[in-house]
Amino acid sequence: GLADFAYGCGALDRARALEIMRDSRIGSYGTIALLLSLGLRAAALAALAPGQGVLALIGAAALSRAGMAAALAFLPPARPDGLGRGAGRPTGAAVAVGLLIAALALVPAGGVLPALFACGLAQYALARLARRRLGGQTGDVLGAVQQVGEIAALLALAAT
């Protein structure tokens, strides 16, 4: 999702971006996004105290996936078909429960508030970009939201 979204963002118009994102190839922007993703994760995990990496990965994974539910709830589908539309639209209460569970999963890793803030900010920025460029969410957008949120949370945990 992250690679396809990055590759699609290089297109000049919405229709071409959606077409690119349906293609299985990832292109140069997608490759760069994946390399940055791996590098930032490795740097964040290397900066954590021994034994904290697993806790940080679990907490960041839970939090970033709760952000996917928020994106589903607040972004309209960009296409009339596809995974983004088929995933449905969770209620605000379901999103809140997901965020609460995710916050609890972050407690053992420490740095709950910075991770929540960083993840939320990164996911919000990506969701706004998707809304502006594509008109809403797709399965690739949701994947990108998860990846960007997880990386932001890991970096925040490493910084604290």
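The values are calculated or read from the model by the stated rules, or taken from the named source; none is laboratory data. This is a predicted model, so every value here is computed, not measured. Note that we place each Cβ from the backbone using ideal geometry, even for glycine, and neighbour counts take in every protein chain shown. Note: accessible area is taken over every heavy atom of the protein model, side chains too, but ligands, DNA and RNA are not part of it. Shrake-Rupley method; radii C 1.70, N 1.55, O 1.52, S 1.80 Å.
I need the shape label for the range 1-58. Rule: rounded when a/c is under 1.5, else prolate if a/b > b/c, else oblate, with a, b, c from the alpha carbon gyration tensor. Verdict is prolate for the range 1-58. Here's how it looks for Q137: its modeled amide H is under 5 Å from those of A78, which are all 5 or more places away or on a different chain. If I fit a long axis through the Cα atoms of helix 52-74 and take the longest principal axis of the Cα atoms of the chain, what angle between them do I get, 0 to 90°, rounded to 10? Roughly 40 degrees, rounded to the nearest 10.
Just the protein heavy atoms count here, and of the accessible area of the chain at 1.4 Å, carbon and sulfur take up 69 percent.
Charging the Cβ of each Asp and Glu at -1 and of each Lys and Arg at +1, and nothing else, the dipole of the range 4-160 about its Cα centre rounds to 320 debye.
Once Rh for the chain is found with the Kirkwood sum over Cα pairs, what is the Stokes-Einstein diffusion coefficient at 10 °C and 1.306 mPa s, in µm²/s? Here the translational diffusion coefficient equals 101 µm²/s. Calculated accessible area for the range 34-160 comes out at 48 Å² per residue, all protein chains present (probe 1.4 Å; ligands, DNA, RNA ignored).
Taking the alpha carbon gyration tensor of the range 88-136, multiplying each eigenvalue by 5 and rooting it gives semi-axes of 24, 16, 6 Å, largest first. Comparing mean-square fluctuations of G30, G136, G88 from a GNM of the chain with C-alpha springs under 10 Å, the top value falls on G88.
Relative contact order, whole percent, for the chain stands at 35, derived from Cα pairs under 8 Å and 6 or more residues apart.
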